[in-house]
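For reference, the structure discussed in these notes is given below.
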Amino acid sequence: IFRRFAECDKCDWGDGRGNLLVGDKENNLTDDITLPNGSTFKKVTAGSTNANRSGTIQIANGTEVAYYPISPDRDPLVGFLGSWHEHGVSSFALLDSTSNGPFGKFYEIFSDPRNGWEKIFVGWHEEPDHRLPFLSISAEKKFLSDMDKDEREIMERFSLDLFQMHWRRDKLVNKCSG
């Protein structure tokens with residue numbers, strides 16, 4: 001997410017240095033990005049025993065947090081969020097995840113109304129990119145005739161179109177084992 005931001009940023013930050021150039025191999029490494037102004041993005045893994053401890057993070061992104069390997073002896077979010085400079089003028093943190101059930105640290109954070117996190121939920125059908133066109137009119141007609149009762153109910157309940165349902169079925173069959 002930050003690599004895309006660094007390469008596509010249109011903001012004038014007033015430093016006269018611009019954003020990261022696409023294909024800049026020296027400053028655009030697999031785990032680290034260094035911007036022309038000297039700012040860096042560092043990738044650390046939740047499986048690391050010292051995930052970004054003792055840093056000063058201004059912009060934090062924890063992704064797939066519901067799947068972090070958390071145990072009574074170890075919680076990677078403690079060091080990570082403990083290093084986040086949350087009250088800075090340009091501080092920002094984002095924790096995202098796909099569902100892993102109604103339990104765990106991400107679920108607790110998301111469900112707790114007392115914390116300061118702004119909660120945002122985006123269903124798959126709300127994403128404009130989650131649409132899959134058909135290769136032909138006959139393929140579209142076949143899809144429509146093959147739709148089962150559950151698919152038709154979902155389509156009606158959420159006011160979805162065939163391209164969205166086609167995307168959904170493609171993901172379920174080809175990416176989610178069924």
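The values are calculated or read from the model by the stated rules, or taken from the named source; none is laboratory data. Just so it is clear, the model here is predicted, and its values are computed rather than measured. All Cβ positions, glycine included, derive from the backbone under ideal geometry; neighbour counts span all protein chains shown. What goes into the accessible areas is simple: the full protein's heavy atoms, side chains included, and nothing from ligands, DNA or RNA. Shrake-Rupley method; radii C 1.70, N 1.55, O 1.52, S 1.80 Å.
Quick notes on this one:
- Note on the range 117-138: residues that are within 16 Å of residue 164 (Cα to Cα) and under 16 Å from the mean Cα position of the chain (by Cα) total 9.
- Residue check for residue 18: outside any helix (DSSP H, G or I), open to solvent by less than 60 Å² (accessible area, probe 1.4 Å) and modelled with pLDDT under 70: yes
- Residues in the range 133-162 that are surrounded by 15 or more Cβ atoms within 10 Å (Cβ to Cβ) and within 30 Å of residue 96 (Cα to Cα): 151, 154, 155, 160, 162.
- Scanning the range 110-126 for residues that are exposed (fewer than 10 other Cβ atoms within 10 Å of the Cβ) and closer than 16 Å to residue 94 by Cα yields 116, 118, 120, 121, 122.
- Within the range 140-178, tally of residues that are in contact with an Asp or Glu (Cβ under 9 Å, 6 or more places away or on another chain) and free of Cβ contacts under 8 Å to residues at least 12 places away in the same chain: 1
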